[in-house]
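The values are calculated or read from the model by the stated rules, or taken from the named source; none is laboratory data. Quick caveat: nothing in here was measured; it's all calculated off a predicted structure. Here Cβ is always computed from backbone atoms with ideal geometry, including for glycine, and neighbour counts include all displayed protein chains.
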Amino acid sequence: MSGEQAAFGALLREFRLAASQTIEGLAEASGVSVRGIGDLERGRRAAPQRRTVAALADGLGLAEAPRERLLTAARAGRDGGYRPVGVRAFPRGVDDFVGREGELARLAALAEREAVAQPVVVAVSGPPGTGKTTLALHAARGLAERFPHGQLVLDLRGTDDDPPGPAELVLRVLKALQVADRDLAQAGPQGHPELYRQLLAERRCLLVLDNARDEAQVRPLLPAAGAGMVVVTSRRMLTGLDSVHRLPLGELDPVAAAELLTSLVGADRAAADPAALRAVAERCGHLPLALRVAGNWLATRTGWSVRRLADRLAVEERRLDALAAGDVRVAAAFDLSYRQLTPAAARLFRRLALVPGQDTAAPGAARLTGQPVFDAEDTLEELVETGLLGTDGDRYRLHDLLRLYARTRLEAEESARDVDRARAELFRWLLDTAVVAGRWFEPGHGAPPSTWRGTVDLSTAGLARAWLQAEGDNWLAALRAAEAAGEHATVVEVAESLHWFSDQWIFWGHWPEVFGTAARCARALGDPALEATQLNYHAWALLVCERRHQDSLLRSAEALAAAERAGDAGQQAWAHMYQGWALQQITDLGPAADHMQRAAHLFETVGDLHGGLQARHGRAIVLAKLGLTEEAHAFYRDTLALLEQVSDRLEPHIADVTRIGLHAGLGSSFGVLERWTEAVDHLTTAVAICRASGNTALESRQLVHLGNALLSAGRPAEARAAFARCVSLGVHADPRPVDEARGVLARLDAP
């Protein structure tokens, strides 16, 4: 600014430099202290009284005109002009702030930045109720001393129907920074933005723009220069803002959620029932707003136990109604965002409540609304932008409480007929796609037929497996619904298509249910061949996935009886095979060997090469358990040689599973002979095949066998690496060897 608009400190410094004086020199000439002059020039002190100004003017040797300018600037400051020191506009915050250490640390690190080309701007975004404002206020208080020229919080009221526009907001900031009314009038509304930018460029201020509606509301409020910092909070991601640091917020972690509840209800009540406290936190979805409402409810109802509230929140249909304390309702916070959606986005948001699993992708969402996939993806991204939908890669997820809210809107705004139609369309698509994806792994099928016109890329077995795993909870729910609706043939078709795929994802946890459901449906269809097939699959699932050996024996016996009624030699072979497998697991080796031999004969009779190799493998295992190590060793080698001879007639993934088992068996038999080098070689091959084929379940098992063989071979460093790899495999691994690997690593690390 210039003339009467000039800030006193800036004008004083201008005159001092023009007179070629140092601060020390002016202090000596005027009698004003060095520190006092420095604080005045930097705006850390309000404009001085007239006698101090006169002393400074005398020390500078100012003529009449510049002396009057200096006096005018001082008078403007004293009469309500800009006073940078002590300007604060913090609303009341909360004293029980917990968690968010990472976010606070990042904000503090950004605040440390000194003068740069432009101010630091941080966009804090997240769904309603995640505590964006609370975080911004807590951070602002902690950072206040780093911004000596002012710390302001401005509520942009972005969820209002008629939020303030940029011009009104700029004027509010100027007034908060105590710009004189006559300066505002002189600049006029058209000059306020320039006055705003210049003022913030000259000062190190912290500006919190809370609850922004969109980029258009925020963009004019972002200063272009200076050493200040702006923190913008919004439910929207504000993707259109450039050159900003982004800080997304989600729910609290379980520890912080419990800590927040404890701070509200008191340590004694929390300690009286920690399990109930965790249940309340989980049913609040670890969402800060919901946690605070629940905590305040308990804090004002001292006669209530934490368990009583946990039980109240357990009823999903009433949970949102229960999450209300006084005039604060979690559902009301969601309402504010929902009513700003476009009609298409609101419709999709409601219908996402029909997704049975935790998440979905664009093709599934498109089935709910009838949109083309690309349009559905755009609508999903609109929901992400508004903070109502989370995303992880190409998967979209509603927060648990938002899912309940979406369900209430669906029931209130759509007819039962439309809801049922949307759900049926989603479920039909899930099951149809599951059949096509699963058949990638079935002999005689492979890639989708040329006539298939799906909305999912299933052009490779890897893509098919990825879809089946990502949508597992969804197509499982659709399968349950199909059984409930009496669609028995559909259930059997889906289970049949997934038979060999199940070897690729053994420890998903639901195969016993899938094949048990299919066995019931096959029985309802009155087809003993189908029933025998599904009973055999169920026997496999009970045996391999859950190690329920006796239950598996019962199922395979039922399968054998059904296969004999149907005259199906192939399914008789599989029933004998599963009988033998279960019997060798419980060390009933004589009958086990007999069943394996019968299975091998029947497989040869019907020309089932895949089954025949499995039966030979099973017979080798029995020989090894009988102590006939050399004979078992030879049988493993002969079977492996046969496998390589006929590999061009086998499905590649089935051949891989068989190779894994044979190399693992050879490794085991060499281990019994204490020939550790050969044992390690075969087990290393088994692990490599698992890894190359993506079979995490079998890899976890073979890594433990390999690690133990390496320890016996005196190679502890390599053994440690094998056990560590096993532990790192994640949720698709067999939990038992993972636990064993953890135990071995703990022993290796023990002093």
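Some notes on this structure:
- Checked against the criterion of being assigned by TED's automatic domain parsing to the domain that holds His682 and at pLDDT below 90, the candidates Ile660, Ile654 yield just one match: Ile654.
- Flag for Ser459 being surrounded by fewer than 16 Cβ atoms within 10 Å (Cβ to Cβ) and hydroxyl-bearing (Ser, Thr, Tyr): yes
- Evaluation of Gly607 against (1) under 50 Å from the mean Cα position of the chain (by Cα); (2) surrounded by 15 or more Cβ atoms within 10 Å (Cβ to Cβ) (one fails), failing number: (2)
- Each residue in the range 417-439 was checked for being more than 18 Å from Phe349 (Cα to Cα), among the β-branched types (Val, Ile, Thr) and surrounded by fewer than 21 Cβ atoms within 10 Å (Cβ to Cβ), and 2 pass.
- Subset tally (residues that are within 25 Å of Ala733 (Cβ to Cβ) and of a type in the set (Lys, Arg)) for the range 469-527: 0
- Tally of residues being in a helix (DSSP H, G or I), surrounded by fewer than 22 Cβ atoms within 10 Å (Cβ to Cβ) and touching a residue at least 40 places away in the same chain (Cβ under 8 Å) across the range 669-690: 2
- Failed item, numbered, when Thr386 is tested on (1) more than 19 Å from the chain's Cα centre (by Cα); (2) at pLDDT below 95; (3) at negative phi: (1)
- The set of residues from the range 466-486 being more than 17 Å from Pro512 (Cα to Cα) and within 19 Å of the chain's Cα centre (by Cα) comprises Ala466, Trp467, Ala470, Glu471.
- Test: residue in the range 560-576 that is assigned to a helix (DSSP H, G or I), polar (S, T, N, Q) and either in the same structural domain as Ser668 (by TED's automatic domain parsing) or touching a strand residue (DSSP E or B) at 6+ places or on another chain (Cβ under 6 Å) (or both): no
- Considering (1) acidic (Asp, Glu); (2) surrounded by fewer than 17 Cβ atoms within 10 Å (Cβ to Cβ); (3) at pLDDT below 95, the lone condition that Glu414 does not fulfil carries the number (3).
- Residue check for Glu103: part of a helix (DSSP H, G or I) and farther than 30 Å from Gly285 by Cα: no
- Leu241 surrounded by 15 or more Cβ atoms within 10 Å (Cβ to Cβ) and assigned to a loop (DSSP other than H, G, I, E, B): yes
- Taken as a whole, the structure leaves Ala258 outside the set of residues that are touching a Ser or Thr at 6+ places or on another chain (Cβ under 8 Å), buried (at least 19 other Cβ atoms within 10 Å of the Cβ) and not polar (S, T, N, Q).
- Set Thr342, Thr300: member being of a type in the set (Val, Ile, Thr) and either under 18 Å from Asp96 (Cα atoms) or touching a Phe, Trp or Tyr at 6+ places or on another chain (Cβ under 8 Å) (or both): Thr300
- Only a single criterion out of (1) within 16 Å of Asp432 (Cβ to Cβ); (2) crowded, with 20+ Cβ neighbours inside 10 Å; (3) not hydrophobic (A, V, I, L, M, F, W, C) is not satisfied by Glu487, namely (2).
- Any hit, the range 342-363, residues being touching a residue at least 40 places away in the same chain (Cβ under 8 Å) and over 30 Å from Ala466 (Cα atoms): yes
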